1. How much net charge surrounds ARG216 when only other residues with a Cβ under 11 Å from its Cβ are counted (Lys, Arg +1; Asp, Glu -1)?
2. Where the only charges are on Cβ atoms (+1 Lys, Arg; -1 Asp, Glu), what is the dipole of the chain about its Cα centre, to the nearest 20 debye?
3. Name the residue farthest towards the positive end of the dipole of the chain from the options VAL419, PHE184, TYR98, assuming +1 on Cβ of Lys and Arg, -1 on Cβ of Asp and Glu, about the Cα centre.
4. Across 10 Å bins from 0, what is the distribution of all Cα-Cα pair distances for the stretch 240-284, in whole percents?
5. Which value in Å is the Kirkwood Rh of the chain over different Cα pairs?
6. With the dipole of the chain worked out from charges on the C-beta (+1 for Lys and Arg, -1 for Asp and Glu) around the Cα centre, which of LEU477, LEU348, GLY275 lies farthest toward the positive end?
7. Karplus couplings for the stretch 31-42 from phi (6.51 cos²θ - 1.76 cosθ + 1.60, θ = phi - 60°), rounded to Hz, Gly and Pro as x?
8. Can you compute 3J(HN,Hα) from phi for each residue in the stretch 271-285, using the Karplus curve 6.51 cos²θ - 1.76 cosθ + 1.60 with θ = phi - 60°, rounded to whole Hz and x for Gly and Pro?
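Every number in this text was worked out from the coordinates using simple rules, so none of it is lab data. Please read all numbers here as calculations on a predicted model, not as lab measurements. Note that each Cβ is placed from the backbone with ideal geometry, even for glycine, and that neighbours are counted across all protein chains shown.
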Amino acid sequence: MSDAARAELVALQAGAAALEPREAERETLVAAAAAHAEAFLRDLPEGPSNRGWDEVFTPPLEPEFGERGRPLGETLDFLGRSVERPGIATASPRFMGYVPGGGLFHAAIGDFLAAASNKYAGFASAAPGAVRLENATVAWLARTIGFPEGAAGTLTSGGSLANLTAIVAAREARDEEGGGAVYFSRTAHHCIDKALRIAGRARAPRRLIPTDARHRMRADALAEALARDVEAGVRPWLVIASAGTVDTGAVDPLAAIADLCEHHGAWFHVDGAYGGLFMLCPEGREALGGIERADSAALDPHKTLFLPYGTGAVVARDGRTLLEAFSASADYIRPLGETDVGPSPGDLSPELTRHFRALRLWLPLQLAGVGAFRAAQSEKIGLARYFHARLAATEGWEVGAPPDLSLVAFRYRPAAGDVDAFNRALLRRVQEEGRVFLSGTRIDGADWLRCCILSFRTHLDDVDAALDAVIRAAAGLEAGA
Ligand SMILES: *Cc1c(COP(=O)(O)O)cnc(C)c1O
């Protein structure tokens, strides 16, 4: 190499030096980032649960992508103003809309460490420790929902990908040629329809099973639909039940559905993205009996285990079904668990190179202990029951049956006027007030409000604030104020 070429490489090395801060600078960066996060967390308890969008656009970074780096302080200020403040405060204790996610601090530390070491978590041969840790974490999830030895699974970006992964495994195991029928109720999450389309089964015969007064799939109606298909020569392929629906939190009769699937040789998939992991606490186990008999389950640690967004999980009762659907290497020919650390995530999922997701789940379980998660879950279910009982005992409110899990759908019955319009206005008023964030849904053509209590930060005072907000807003609307 010529001296000139050498000099050019050395100059480029100097030009790229900003990519590798030195130790003292790293310490400064970490301290500043930690202080920034601390300020964010300090404001959460009293801050609003919802803010306008104006701040997103002011003041912009100029230029947003410059040739030269800019100071961390300026960059963090920008993030705080135009990213962290506007929109719904999903980390707030008073965020009870949709299905709240979490954001455990211990998980943030896990992400930081995973990114800093950048272990390659796709294959056992590259990072045996990372793969062992992911398999141990997924095995813990599988045991939590009562799956036997021989189960396997993988961490996904969320419930949608978990459901898709399970549906592809079910297709490979029981519907390779197509033509098998799919059964679910109208309360199934829309990601199920999306997953069927992506899996090439958009045109599979589809039976929408009616629900009962509590919005649970009717097992007798499922039995009839299955029998009708068998009689007509259509093969029952896949039954998808919900362990906690998003609009009312209803849990389908899982044990009765398991009996029917067993009888007809249909694959039994449970969408437990919202509710499945409540199996950790006694109240949840009471509501979810039968989930342990599923062939596969989608779970969402970024909901029911309070993790930051981006962590779902899929588990299959017979782990080999995932290997058969997704294996990219010849390893799948060997029995599960033949390598010392278990199967590689790259062989169990559509992904190859991936974030070392397990650490953000494993670390909080180590540091806080499983008992803390169990207590928090029991607390959420207790708080939802309390919210339900308080409204049930207050004049004018319609609340339905007590919640199966931690979600209450409710609405106000005004003395006069359009009930739906009133409840839409009620929701708008509560959201605009910004103290508590609730969301709405339509059930059988009617407008309802929902209160989903799932943040680890939500406690009794916050639920009292939610009750106060809806009762005050309804009274104001009634009075025409
Ligand atoms: C949240 C949810 C999903 C979708 O999961 P994502 O993590 O948002 O992809 C699917 N089903 C149910 C029941 C859910 O609550």
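1. Local net charge: -1.
2. The dipole of the chain has a size of about 520 debye.
3. VAL419
4. Whole-percent P(r) values from 0 Å outward: 27, 51, 21, 1.
5. After inverting the mean inverse Cα-Cα distance, the result is 24.5 Å.
6. LEU477
7. 5, 5, 5, 5, 5, 5, 4, 4, 5, 4, 5, 5
8. 7, x, 4, 7, x, x, 7, 5, 4, 5, 10, x, 5, x, 4
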